[in-house]
1. May I ask you to list the residues in segment B:120-142 that are without any contact (Cβ under 8 Å) to a residue 60 or more places away in the chain and not aliphatic (A, V, I, L, M)?
2. What number of residues within segment B:69-88 are within 11 Å of chain A (Cβ to nearest Cβ) and over 27 Å from A:Ala118 (Cα atoms)?
3. Look at B:Thr91 and say whether it is within 14 Å of another protein chain (Cβ to nearest Cβ) and touching a residue at least 60 places away in the same chain (Cβ under 8 Å).
4. Might you check whether a residue that is more than 25 Å from B:Ala170 (Cβ to Cβ), in a strand (DSSP E or B) and of a type outside the set (Lys, Arg) occurs anywhere in segment B:131-144?
5. Quick check, is B:Arg317 modelled with pLDDT under 95 and either surrounded by 13 or more Cβ atoms within 10 Å (Cβ to Cβ) or in the same structural domain as B:Val244 (by TED's automatic domain parsing) (or both)?
6. Answer yes if at least one residue in segment B:158-166 is in contact with a Ser or Thr (Cβ under 8 Å, 6 or more places away or on another chain) and within 12 Å of chain A (Cβ to nearest Cβ), and no otherwise.
7. List the residue pairs whose Cβ atoms are under 6 Å apart, where the first residue sits in segment B:59-79 and is assigned by TED's automatic domain parsing to the domain that holds B:His102 and surrounded by fewer than 24 Cβ atoms within 10 Å (Cβ to Cβ), the second is modelled with pLDDT of 95 or more and of a type in the set (Asp, Glu), and the two are 6 or more positions apart or on different chains.
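The values are calculated or read from the model by the stated rules, or taken from the named source; none is laboratory data. If you're wondering where the values come from, they're calculated on a predicted model, not measured in any experiment. Neighbour counts run over all protein chains shown; Cβ positions are idealised from the backbone, glycine included.
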Amino acid sequence: MITARYHREVPQRYRLEAGKCTKCGYVAFPPRLVCPKCSTKKFKPIVLKDEGKIITYTVIRVGPDKFSKETPYAIGIIELNDKLRLTAQIAGVVDFEKLKIGQKVKLVFRKIQDDGKAGIHMYGYKAVLA
Amino acid sequence: MVGIVGFGAYLPRYRIKAETIAKQWGMDANSIIRGLQLNEKTVPGQDEDTITISVAAAKNALLRAQIDPQDIGALYIGSESHPYAVKPSGTIVIDALGIGPHVHVASYEFACKAGSEAMYVAANLVKAGEMKYAMGIGADTSQGAPGDALEYSASAGGAAFIMGTEKVVAEILFTHSYTSDTPDFWRREGEDYPRHGGRFTGDPAYFKHVMGAATALLEKSKMKPSDFKYAVFHMPNGKFPQEVGKRLGFTKEQLEVGWIVPWMGNTYSGSSPTGLAAILDVAKPGDMIFMVSFGSGAGSDGFIFKVTKEITKVQNRAPKLKDYLDKDKIYLDYGEYAKFRKKIKLNE
Ligand SMILES: [Zn+2]
């Protein structure tokens, strides 16, 4: 069921909750059970900063079925101010020629997709130019 | 002292001009721009709805209030465009804001006054001593049928207000509600677009209820229009709030700051609440504010606020309504607008 997985991911998708390894300080986003650096299983939840910059991006002109009516749109790798990187759509871009690596962005709460016509609405983060 | 401890608004960046809509349907743009005093309206992005608008406005309110979201005991959202028919918008909004799970959540619905209802109930729960803070939100992504007069006004946006008793920025001195069975505007279950009673939406509906609540509020408070620095009324178009203000004895100057409809459109449940947010953005300690909402069906909620010295500390902590209204606008043509608002039938 898509609803069970979606529900499980709410803390990271809605509130940017990550896990910080209590032993070596590694920050896992999305949160993990085992630290890839020191194999510890103890993490404490932290909330990531919602501001960062574009590390790289691409413009999707032929999208997957669910997003085919939203093309063209940009997907970027964002480095947040606390140095963690994540992938997100860069929303509200009018002129893709003016999109630049290094541009400052802010993560906002948006609708990502619908589970068909009768299924749930799915929300999460997108980046917008700051 | 009970009142607003944090406030925030949000408007989408997209716009469509009244002129663009008029051209599509072969109407005279000037009669709409001059007659209804509507220049352009906000349009939600394809990834925006009442829930995302509520989250954005509430984040701004939290930035201003600087309180622990966990201390919020209730969150109410008034809207006529809740994304789910069954599942309260607030359930998603609290999780996005880090409020709860020990919180009371409900959706309100009363055409354009659902937002002021949420504010009213939130303030009174705090007043009753049930909780430290409560949030009331008015937000909408309203639709008018293609070619209908409502298409020029139905827009998107919202405002959020956190009610509390400490560090109050605007004290609520008086409230009054006025309601009757008046079928001026409705939408039956399963219908895509609302229906309205044409000219019936004026005197027997908007004017009767706004005047009813406003007159009672003035009597209750033993105040007169000249005692207020600002007044804001529900804004279904540019003309009605100006006209009702005049009938009650308010001046153009008192209405000016909250009268954002010519460039925003009617944000329904967010209409007078966004107007109030625009006023609080610039208000000074001691200013008195008069607000009356209106929801078809029909009813009005009135509030009298007194701005405190705390206001100047919070105004610059979050973006202002004017920032959203004037900056970074993206204009849509009618085809893009029809696609954004899902007015085009697709093969799914
Ligand atoms: Zn580790």
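1. Hits for segment B:120-142 are B:Asn124, B:Gly129, B:Glu130.
2. Counting residues in segment B:69-88 that are within 11 Å of chain A (Cβ to nearest Cβ) and over 27 Å from A:Ala118 (Cα atoms) gives 1.
3. The answer is no for B:Thr91.
4. Yes, some residue in segment B:131-144 is more than 25 Å from B:Ala170 (Cβ to Cβ), in a strand (DSSP E or B) and of a type outside the set (Lys, Arg).
5. Numbers: modelled with pLDDT under 95: no; either surrounded by 13 or more Cβ atoms within 10 Å (Cβ to Cβ) or in the same structural domain as B:Val244 (by TED's automatic domain parsing) (or both): yes.
No, not satisfied.
6. So far as segment B:158-166 goes, no, none of its residues is in contact with a Ser or Thr (Cβ under 8 Å, 6 or more places away or on another chain) and within 12 Å of chain A (Cβ to nearest Cβ).
7. So the pair list comes out empty.
Listed here are the residues, each with its yes/no results for (1) over 13 Å from B:Leu75 (Cα atoms); (2) not assigned by TED's automatic domain parsing to the domain that holds B:Glu219.
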{"position": "B:Ala123", "(1), (2)": "no, yes"}
{"position": "B:Lys127", "(1), (2)": "yes, yes"}
{"position": "B:Tyr133", "(1), (2)": "no, yes"}
{"position": "B:Thr141", "(1), (2)": "yes, yes"}
{"position": "B:Gly144", "(1), (2)": "yes, yes"}
{"position": "B:Gly147", "(1), (2)": "yes, yes"}
{"position": "B:Ser153", "(1), (2)": "yes, yes"}
{"position": "B:Ile162", "(1), (2)": "no, yes"}
{"position": "B:Gly190", "(1), (2)": "yes, no"}
